[in-house]
């Protein structure tokens with residue numbers, strides 16, 4: 001009887017972990033806007049988007065969610081990616097990054113964001129492959 005309760009408890013724990021892992025969510029989309037003046041981040045988790053809309057994140061926390069790095073130019077011997085200064089604005093369906101200066105044509109931009117990042121999912125917990133830190137979502141965009 002005690003063994004059955006242990007298995008039932010383990011089954012309940014695994015089912016609840018599986019239920020928390022939403023496989024129906026769409027992947028995060030990171031792209032330039034149609035006019036290429038901004039970067040749009042769409043398909044943000046509804047709970048996270050509600051926190052942004054309700055003002056639960058301070059402006060400084062909102063600015064730390066997204067980092068945009070500009071690739072070095074072809075003749076740059078240092079080869080250092082530079083952070084692009086700009087502001088992050090909430091939109092109806094996501095976030096918009098507007099740089100202080102426009103994006104240069106022909107340059108690559110790496111977007112790093114912790115929006116929709118997860119510490120662990122069901123499969124990684126079962127396989128004992130959990131990480132000790134969260135990895136950001138990243139995408140390289142060519143203007």
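Values as computed for the structure displayed
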read-out: Single residue of 61, 57 found to be outside any strand (DSSP E or B) and in contact with a helix residue (DSSP H, G or I) (Cβ under 9 Å, 6 or more places away or on another chain); value: 57
read-out: Search result, residues across segment 107-132 that are closer than 26 Å to residue 52 by Cα, modelled with pLDDT of 70 or more and assigned to a loop (DSSP other than H, G, I, E, B); value: 114, 115, 116, 117
read-out: Checklist (1) modelled with pLDDT of 95 or more; (2) under 17 Å from the mean Cα position of the chain (by Cα) applied to residue 99, failing item; value: (2)
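The values are calculated or read from the model by the stated rules, or taken from the named source; none is laboratory data. Remember, it's a predicted structure, so these values are computed and weren't measured experimentally. Cβ: placed from backbone, ideal geometry, glycine included. Neighbour counts: every protein chain shown.
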